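Here the structure is laid out as structure tokens; the discussion comes afterwards.
The values are calculated or read from the model by the stated rules, or taken from the named source; none is laboratory data. This is a predicted model, so every value here is computed, not measured. Positions of Cβ are generated from backbone atoms using ideal geometry, with glycine treated the same way; all protein chains shown enter the neighbour counts.
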Amino acid sequence: MIKGALFLLVALAVLGIFGGLRIGRRKPRRLGANCPRCGRPRIGKGPCECGATGKG
């Protein structure tokens, strides 16, 4: 029973180490994902409902 508990703790530690390494590789957020004028999330390539059309 002690061996099983020890194995579980070692397995959790190894998963934690690899999980910590993976967090550093997040993809950067897309620029232009929000409307520059009103700040609402933009879906698709069309203009925003507020009337803003471009990226600036």
### Task
Would you mind telling me which numbered condition in (1) touching a strand residue (DSSP E or B) at 6+ places or on another chain (Cβ under 7 Å); (2) surrounded by 10 or more Cβ atoms within 10 Å (Cβ to Cβ); (3) at pLDDT below 80 A33 fails?
(2)
### Query
Within region 9-24, can one find any residue that is modelled with pLDDT of 80 or more and touching an Asp or Glu at 6+ places or on another chain (Cβ under 9 Å)?
no
